[in-house]
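Working notes, structure below.
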Amino acid sequence: MGDIGTHAENLARYITGLKIDSLCAEFTTFVPGRKLEDDANLLIRYHGGARGILHASQISCGEENNLNIRIYGTKGSLAWQQEHPNELKFQAKGEPAKIFGGEIITSATREKFTRLPFGHPEAFIEAFANIYLEAVAAIRASIEGKRGGKFDFPTIDDGVHGMAFIETAVKSSRSNAKWTRFMKSD
């Protein structure tokens, strides 16, 4: 949970803006000798009534860093997989699925955050480069006395939130009651 689980929770929170109300976690250690869980399954209740499922596993044979997210709503669904980062699947209710590629990214966003042509997925290191570029822009704006700029990078609040998420999941996993209120980090 402290590694890939927090990435999955952060992705869901970043994309949807949903805040966790409570969760029910089950941790399992399958590999003998491991000190921490290597498989975690969570049911999540969000404020406002939405529900979620988070699965994080170090033992899923055949999966290579396949961080993915699926969002189901009343009007349709979205799906994205890290192993196919240039594709976003959208399915409106009652219609065939549509797969979007680079055409959904605006030219301003493309120029700011991509350095490779479409068909060549941005890699792990380039993702960090985008975070660093935004952090540098925020630092420059602060030095120049410019206030109110909107920058897109994780903050200390995101780190604290991630720690609260891990703590709540561990508490739930160890509890007989299971459903555990999220320990607010705000």
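The values are calculated or read from the model by the stated rules, or taken from the named source; none is laboratory data. None of the values given here were measured: they were computed from a predicted structure. Note that each Cβ is placed from the backbone with ideal geometry, even for glycine, and that neighbours are counted across all protein chains shown. For accessibility, only protein heavy atoms count, side chains too; no ligands or nucleic acids. Shrake-Rupley method; radii C 1.70, N 1.55, O 1.52, S 1.80 Å.
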Item checked: Pair Glu144, Tyr14: separation of 7 Å Cα→Cβ label points (nm) -> 2.5 nm
Checklist line | Contour minus Cα-Cα distance for Ile131 and Arg174 (0.36 nm per residue) | finding: 12.0 nm
Item checked: Value of [θ]222 nm, deg cm²/dmol, for the chain, DSSP H segments ≥ 4, -39500 (n - 2.57) each, nearest 500 -> -10500 deg cm²/dmol
Next item on the list: Describe numerically, in nm with one decimal, the distance between label points set 7 Å from Cα along Cα→Cβ at Cys61 and at Leu78.
Entry: 3.5 nm
Checklist line | Exceeding the 31 Å Cα-Cα cut-off - candidates Lys19/Lys150; Lys150/Lys178; Lys98/Lys178; Lys93/Lys150 | finding: Lys150/Lys178; Lys98/Lys178; Lys93/Lys150
Next item on the list: Leaving out ligands and nucleic acids, note down the accessible area per residue over the chain with a 1.4 angstrom probe, in whole Å².
Entry: 70 Å²
Check: Can you list the aspartates and glutamates whose alpha carbon is less than 16 Å from that of Lys75, not counting same-chain residues fewer than 8 positions off?
Finding: Glu95
Check: How large, in percent, is the carbon and sulfur part of the accessible surface of the chain at a probe radius of 1.4 Å?
Finding: 57 percent
